[in-house]
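The values are calculated or read from the model by the stated rules, or taken from the named source; none is laboratory data. Quantities reported herein were computed from a predicted structural model and do not represent experimental measurements. Every residue, glycine among them, receives a Cβ derived from its backbone with ideal geometry; neighbour counts consider all protein chains shown. Keep in mind that these areas ignore ligands, DNA and RNA; they rest on the heavy atoms of the full protein, side chains included. Shrake-Rupley method; radii C 1.70, N 1.55, O 1.52, S 1.80 Å.
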Amino acid sequence: MAATTYVGKPISRVDGRAKVTGEAKYAGEFNTAGLVYGYVVSSAITKGKITKIDTSQALSIPGVLQVFTHENAPRPAHFDRSFKDDDAVAGAPLKPLYSPEIGFSMQPIALVVADTFEIARYAASLVEVEYKAEKPETDLTSKPKGHKAPKGKSGFTPPKDRGNAKKAFEMADVQFEAEYVHMPEHHNALEMFSSTVLMDEEGKLKIYDKTQSAFNSQKYITQVFGLSKDEARVVSPFVGGGFGSGLRPQYQLYLAVMAALELKRSVRVTLTRQQMFSLGHRPATLQTVSLGASEAGALQAIKHEALSETSRGEEYTEVIVNWSGSLYQCDNVKLDYYLRNLDVSTPMDMRAPGAATGVLATETAMDELSYKLGMDPLELRLLNYAEVNQLEGKPFSSKALRECYAQGAERFGWSRRNPVPRSTREGTKLIGWGMATGIWDAQQKKAAAKANLSVDGKLVVASGTADIGTGTYTAMSIIAAETLGLPIEAVTFKLGDTTLPEAPLEGGSWTVSSVGTAVQEACEAIGKKLFKLAKKLKDSPLKKAAFEDIAFADGRIQLKGNPSASVSIIETMRQTGINYIEEETTALPNFLKQMKYSRNTHSAVFVEVEVDEDLGQICVRRVVSAIAGGRVINPKTARSQILGGIVWGISMALHEESVLDHDFGRIMNHNLSEYHVPVNADIHDLEVIFVEEHDKIVNPLGAKGLGEIGLVGVAAAVGNAIYHATGKRVRDFPITLDKLL
Amino acid sequence: MNSFTYTRAETVDTAIGEIKAHHTAKFIAGGTNILDLMKENVERPDHLVDITRLPLKQIETLPDGGLRLGALVTNADTAYHPEVQKRYPLLSKTILAGASAQLRNMATDGGNLFQRTRCYYFYDTATPCNKREPGSGCSAINGFNRIHAILGTSEHCIATHPSDMAVALAALEATIRVSGPNGERTLAMADFHRLPGDKPQYDNNLEAGEIVTSIDLPANGFANNYNYLKLRDRSSYAFALVSVAAALELEGDTIREARVALGGVAHMPWRKPEAEALLKGQKATKENFRKVAEALLEGAKGFGANTFKIELAPRAIVRALVMATEMKKK
């Protein structure tokens, strides 16, 4: 590969200073004179009906402007389709304050609007509600029966069976079957959902929203309220964490816009941490994995069945079981996925949706099988290595998983592992080593970007994508600076605004591959114009060159073979009398090229744990994660992504769980004190290895996307290490200390 | 959060007067718990009396060799005070096992005793709770009760007291000094908190209008052989599932005196002097420690999700005592 100035070099976040100084403003921080505040009243029951709602006391408080309930709130749109956003699933989306029916815990039932947040909050406590409650059903495991999941959004295709898994399993020398369960998780990004709706004198709205797609929020608002795009601009420059929760508009957006239009004022609605637990979540799943193998360890049958929760109104699906058809070479595979409708809010994509949970089950089962076979867990995986993706019947565009296994194992010291469980101890601590594989998609979506190079040498690049903390600002600045050979300080990247070129939802790990490709193309288009101008210059050393012969570096256009034959970019523009060059492009995936291949990222995760023999306390001492994710644009933010994924994997294995009281159908640990994620003291030595792949099939940049792969496999590796340490297998996650006593 | 009035008291007497003058007034010092409870509408005081200016911020040596902790000394200042670190390292370690650095900087020693339970149902006004709303019922008994009590429970309440510091104070036999409308009095730590019985709305035995002015530590701080073992779901910023404050006075391998207090298992720090007496004059062995554990856990009752504590607590007691023994041998 050609030498680069920025791509592949560790670059600090270009927005880092703005973030640490507080200069970066989030949706709930944009103020205007006369702004008023909405506070959401949440249902105290999970299922049933409001029989009486009395707002008189709340309305009597000075400063209260209005209390909206199902009795007086407008119903701007009738059909479900008006409420369908770009990430909506099959079914009827929530229509806030449309009816007295209650379908899930903490459903929004009123909005109090007042001059200050404090008055609104106080008045909200004075809204008196009477209910006719019904017994809710929220326990997925109480009746493990569901219906076949329908073909769903974002790539869930019911997987095809291959061979005869039932028969092959029965015939297999070695059989292993087990059931795995984990509870729901809530995204709980640091920033609460908030929308600030500013209304100008003409009644047009400028909406600051916490979202992973300003365009999606705009689409939803314009459809529901019958506004034109010009009347509802959505802006979202910074997002304090999304993890998928911002892929769909949340109800505070609807309520804030509704109140602004009704009251003809600027309104802000911010949810509380407790209300964050009323939103979509990673659904609980109950999974059965059956593995049949020869005595030598060759997989002969894989059966993977998952039952997952969804709401009464919507059919949320995710790709849980399909991965089991791709991970290993096996000719007999049966994959089934069922949904059960419960009295819960509709689940939503959460970082590595489906894979985080499906691969957890498969990779735990593979570990269990390895002990049954008396084989090293890594050896078992290598023996069954999938050279092609049998699920899709296609080769992989690239797959450096074997190198991930090798480099990860080497770094970790896997070859020194004593295979016997409970064989290593230090005082009262039992030490265990475990590993697992991870897989995720490498996708590219249609995306647009524009770039403007002015004669002062400043390059402004824009696309209406989002930066949810992932480093989009930085990655795009790197790609733009690299493409035009400009210093990164000369580049400004703009995002999160519906007046900018349209970008896809910020999710699925496809932002760098999609928006990055568009940015590269827009900058290349400028480069071509520059080159034409440069050829026209008097005594131009590039006169006879073709575009393929030149390179952009150090602010100059130069001949590839002879860098001294060059012209300055600024001088070129100056001398040709050009003040600026602007180009806008829409980058489309090369479907013809891509469809012949399976495009995936892979990982190999190695974990060391210690477990207190008497007290069950678990400490993850060491993690090595080797990632095959194509070309790495910015190793610094890429590493941060993977570290975050590892931490979340540890969280999933040991801490995280939204605990329901099924009598009330209510999540009881709905705060960050009792909904546990790891603290700094829980996280120790984490190491990330990038095994680069040179893959021009996934997209012209060769970047596969790293947002999700860092999480997949980690929880399984932790659980596998705990088994190796203690000899005790826990199949319901999270693994808390009481399960090891 | 409801609307409330606010005053700042400059003396203990005016603070007591202010509290009496209002219907449902509350003191506020560090505010690390009361503000949360107000935001959740669990506490709805009509008036707050700010006591942060009261002259109760000293740590001073007492004539009997003990140490007086002013009620308004912060948890952080207490834990890092040289006298506390030297003479009462058990207390220092215990405080530092609780909350987070930010919370310990705000929270006061007096306020720490008044922390309310972290029972999920107590905190959620959508569910019945006898402690929050007497007579409404206890949701935890048949509900999600992972963090709940196994000792001293009643059919009305199975909440635990969440404080770490109080567990060490119980083991050290601290005395609580209070002032009130009827003057000053002292309570032994063992008499300060109470079991829920049929009045779970009361966490302690203070009379209306009384305020804690200091926590007095006796001269013996068990500085040589002690431990605070806190078992929880993550390494920091989580309440104890089970915690053990253990303190020993050893002569060689022989125990002269032992103290063991448990946190996370009852409505108050759990201590039984008769269980501790089993160790007097005995050897510091696991077998003997197990006997104390058994005696301390006598009558323990689980409610489902918390039943594991009946197994975990004895193991924790033995471990804490073993670690205390191994610290220093005279």
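Among the trypsin sites (Lys or Arg not before Pro) within segment A:485-589, those in coil by DSSP and having at most 13 neighbouring Cβ atoms inside 10 Å are A:Lys538, A:Lys543, A:Lys544, A:Lys560. Of the DSSP H helices in chain A, those that are both long (alpha-carbon extent of 27 Å or more along the helix axis) and hydrophobic (Kyte-Doolittle mean at least -0.5) are A:511-536, A:635-654. Above 13 angstrom, tally the Cα pairs of segment B:60-104 and express them as a % of all pairs, no decimals. Above the 13 Å cut-off, segment B:60-104 has 54 percent of its Cα pairs. With no solvent and one point per C-alpha, what does the Debye sum give as log10 I(q)/I(0) for segment A:106-257 at q = 0.14 Å⁻¹? Relative scattering, expressed as log10 I(q)/I(0), comes to -0.99. Radius of gyration (Cα atoms) of chain B, expressed as a multiple of 2.2 N^0.38 Å: 0.98.
Computing FRET efficiency as 1/(1 + (r/R0)^6) for A:Arg574 and A:Lys636, where r is the C-beta to C-beta distance and R0 is 30 Å, gives about 0.30. Couplings 3J(HN,Hα) of segment B:174-180, computed from phi: 5, 10, 9, 9, 10, 10, x Hz, in residue order, whole Hz [Karplus 6.51 cos²θ - 1.76 cosθ + 1.60, θ = phi - 60°; x for Gly and Pro].
In terms of overall dimensions, the C-alpha atoms belonging to the protein assembly as shown reach 99, 76, 59 Å along their principal axes, ordered largest to smallest. In order along segment A:326-338, the phi-based Karplus estimate (6.51 cos²θ - 1.76 cosθ + 1.60, θ = phi - 60°) of 3J(HN,Hα) comes to 10, 5, 10, 6, 6, 8, 10, 9, 10, 10, 10, 9, 10 Hz; Gly and Pro are listed as x. Within segment A:363-433, list the trypsin sites (Lys or Arg not before Pro) lying in a DSSP loop whose Cβ has at most 13 other Cβ atoms in a 10 Å radius. Here no loop site has a sparse enough neighbourhood. Amide H contacts under 5 Å for B:Ala174: B:Met189, restricted to partners 5 or more places along the chain or on a different chain, H placed in the peptide plane at 1.01 Å from N. Modelled spin-label separation between A:Thr4 and A:Arg416, with each label point placed 7 Å from Cα along the Cα-to-Cβ direction: 3.5 nm.
Computed from label points 7 Å out along Cα-Cβ, the spacing between A:Asp732 and B:Ile310 is 1.8 nm. Taking the Cα centre of the protein assembly as shown as reference, the dipole from Cβ charges on Lys and Arg (+1) and Asp and Glu (-1) amounts to some 1880 debye. Go ahead and collect, in residue order, the members of segment B:1-40 whose backbone nitrogen is under 15 Å from a label point 7 Å along the Cα-Cβ direction of B:Gln58. B:12, by backbone N distance to the label point. By definition, a body whose alpha carbon gyration tensor gives a ≥ b ≥ c is prolate when a/c is 1.5 or more and a/b is larger than b/c, and segment B:226-327 fits this prolate description.
Averaged over the residues of peptide A:681-691, the number of Cβ atoms from other protein chains lying within 10 Å of each residue's Cβ is 1. Placing pseudo-labels 7 Å out from each Cα toward the beta carbon at B:His47 and B:Ala277 gives an inter-label distance of 4.7 nm. Partner shielding of B:232-242 amounts to 5, given as the average count of beta-carbon atoms from other chains within 10 Å of each residue beta-carbon.
Amide hydrogen proximity for B:Asp233: with H placed 1.01 Å from N in the peptide plane, the residues at 5 or more positions away or on another chain lying under 5 Å are B:Leu241. Net charge dipole, segment B:5-52: roughly 80 debye, given to the nearest 20, about the Cα centre with Cβ charges of +1 for Lys and Arg and -1 for Asp and Glu.
Remark: segment A:201-210, residue by residue, has Karplus-estimated 3J(HN,Hα) of 4, 7, x, 6, 9, 10, 10, 8, 10, 7 Hz, where x stands for each Gly or Pro and the curve is 6.51 cos²θ - 1.76 cosθ + 1.60 at θ = phi - 60°. Given a 1.4 Å probe and the protein chains as shown, B:Asp50 ends up with an accessible area of around 20 Å². D by Stokes-Einstein for segment B:5-52, Kirkwood Rh over Cα pairs, 10 °C, 1.306 mPa s: 148 µm²/s.
Listed peptides A:42-48, B:196-202, A:658-664 appear in the order A:42-48, A:658-664, B:196-202 once ranked by packing, highest mean of other Cβ atoms within 10 Å at the front. Rounded to the nearest 20 debye, the dipole magnitude of segment B:147-256 is 280 debye, with +1 charges on Lys and Arg beta carbons, -1 on Asp and Glu beta carbons, and the Cα centre as origin. Between A:Ile488, B:Ala246, A:Ile618, the Cα set farthest toward the positive side of the dipole of the protein assembly as shown (charges on each charged residue's Cβ, about the Cα centre) is that of A:Ile488.
Residues whose amide H lies under 5 Å from that of B:Ile59, counting only those 5 or more places away or on a different chain, are B:Gly70; hydrogens are built 1.01 Å from N in the peptide plane.
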